[in-house]
1. So how much slack lies between D170 and V378, counting 0.36 nm per residue of separation and subtracting their Cα-Cα distance, in nm?
2. Sort out for me the Cα centre separation of region 340-363 from region 406-450, rounded to whole Å.
3. How large is the charge dipole for the chain, taken about the Cα centre, if only the Cβ atoms of Lys, Arg (+1) and Asp, Glu (-1) carry charge, to the nearest 20 debye?
4. Using the per-residue mean of other Cβ atoms lying within 10 Å as a proxy for protection, in what order, highest first, do the peptides 241-248, 114-121 fall?
5. Can you figure out the FRET efficiency of R257 with D406, using R₀ = 45 Å and their beta-carbon distance, to the nearest 0.05?
6. I'd like the accessible area for D184, computed on protein heavy atoms only with a 1.4 Å probe and all protein chains in place. Round to 10 Å², please.
7. Could you work out the local net charge near R196, counting Lys and Arg as +1, Asp and Glu as -1, over the other residues with Cβ closer than 14 Å to its Cβ?
8. Please list, or write none, the aspartates and glutamates whose alpha carbon is within less than 14 Å of the alpha carbon of K390, excluding same-chain residues fewer than 8 places away.
Amino acid sequence: MTTLNSITGSAGSLSQFDPQALPVSAAQAIVLQWVTPLAQSERVPLRDALARVLARDVISPIDVPAHDNSAMDGYAFDGASLLANANINTAASTPDSAALTLSVAGKAFAGHPYTGAIAAGACVRIMTGAPMPAGCDTVVPQERVERSGGAAGEERAAEAVIETITFRADAVRPGANRRRKGEDLARGNAALRAGRVLRASDIGLMASLGLVDVAVKRRLRVAFFSTGDELRSPGEPLDAGCIYDSNRYTLGAMLQRLNIEPVDLGRVRDDPESLAATLKAAAESADVVLTSGGVSVGEADFTRTQLQTLGDVSFWGLAMRPGRPLAFGRIWSGGQPGAGRAALLFGLPGNPVATMVAFYQIVRPALIAMSGATPQPVPLFPARCDAPIKKRPGRTEFQRGIAERDAQGQWHVAPTGSQSSGALSTMSEANCFIVLAHESADLDAGDAVDIMLFDGLV
Ligand code: AMP
Ligand code: MG
């Protein structure tokens, strides 16, 4: 069996890295090697499909739109008559004043096509979305025509000739203002690819194909718990020397954001038996297990012993701040490697900001890949840093920042006051991470930095 230590230790190309100073990119790459995407899928109604991962390509069963149709309210006609008219008028002294007069043969509304014949020199009153009548390929918008004669008003009843319209031949080009059959989605083509995390537009797009449900991957199940004798749960009295357990709530919320099924296993005392029992239960019930606390130096010893007994786990010192200590590997529900069900394990540091940074940088891409989706790099944007920053080369830093755009459209960012990895308020205050690359050094005020915004639109 290939063990994690053989990948991160002496064997393989990753052996160039010291596990106690593992660059973030190397840790991300190792973790992704250990991820197997979920195989199971289920069908869900479109309304429940938002943020789910598409299990199979969606092949369009129809053309969308199903017929050529008008993009404007106006008059549909055969665009060839424009050319004919233009030719006639090239002999005239002012060709741009060439006018075309057409008789209106009837009306076409969305959902009510015009099915009659159209003689040469005739057109059809047409509304946006109405099918183009046979023989018509061009729509002149109603604002560009002069109408004369015929019935007043906009009654729907088709009349043989209700009026005539006149417009300049250069008011419109042949083929203009017509949406082609299948131009949005052609029948038989893949409308959406497997592995896509479904967005609002995708839900609408599948509805436009007439689909009522869709095959998605089952939701990933992630169990999590907090460790630490000092922890109390909200609602309990805060004993002397204790703190409230916030990580379990942050983790639960971050998992919810990824539409993952959370399994909250509570908090566990710093004692080997409780830890072993909870880890085994977690491996039994979940695809992935997240712990917080107990992996920093000094604390790691009994955690290390337990994790190494139950599975194949490495202890890393990431070249990252915050979020240096991390345990990563696999644990088995049967209490030893190969026994029972296996789950991927991430042992996150206890400091609340470190927990979050480690989750976003290391765990999140792995959960996305396991969910069956393709993790995309989170975009970085350049901004001017308004304050100097002390930074040692050799580790990636994720400072909490407040970014805003000035009147000239330039993005600026300022670090939140404290950068303590224990101060969760800095995450709430911030709207971005200031990402200081592995090799970067001290920055002066006004230098360019990369920011990773917390909020997205769609
Ligand atoms: P540890 O990684 O267990 O050494 O914890 C590092 C720091 O994070 C300590 O100050 C802990 O009290 C704190 N901490 C650990 N777990 C949590 C938690 N679940 N919620 C809030 N703070 C925590
Ligand atoms: Mg602890």
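The values are calculated or read from the model by the stated rules, or taken from the named source; none is laboratory data. Since the model is a prediction, treat every value here as computed from it, not as a measurement. Here the Cβ positions follow ideal geometry from the backbone for every residue, glycine too, while neighbour counts run over all protein chains shown. Please note that ligands, DNA and RNA were not included when accessible areas were found on the heavy atoms of the full protein model with its side chains. Shrake-Rupley method; radii C 1.70, N 1.55, O 1.52, S 1.80 Å.
1. Numbers: separation 208, 0.36 × 208 = 74.88 nm, distance 4.80 nm.
Extra length available between D170 and V378 comes to 70.1 nm.
2. 23 Å
3. Numbers: 42 positive and 47 negative charges, 177 e Å.
For the chain, the charge dipole is close to 840 debye.
4. Values: 241-248: 17.2, 114-121: 14.1.
So the peptides 241-248, 114-121, ranked by packing, come out 241-248, 114-121.
5. Numbers: r = 30 Å, r/R0 = 0.67.
The formula returns an efficiency of 0.90 here.
6. 100 Å²
7. On the way: positive: R52, R56, R193, R199, K217; negative: D57, D202.
Residues close to R196 contribute a combined charge of +3.
8. Reachable aspartates and glutamates: E439, D442, D444, D447.
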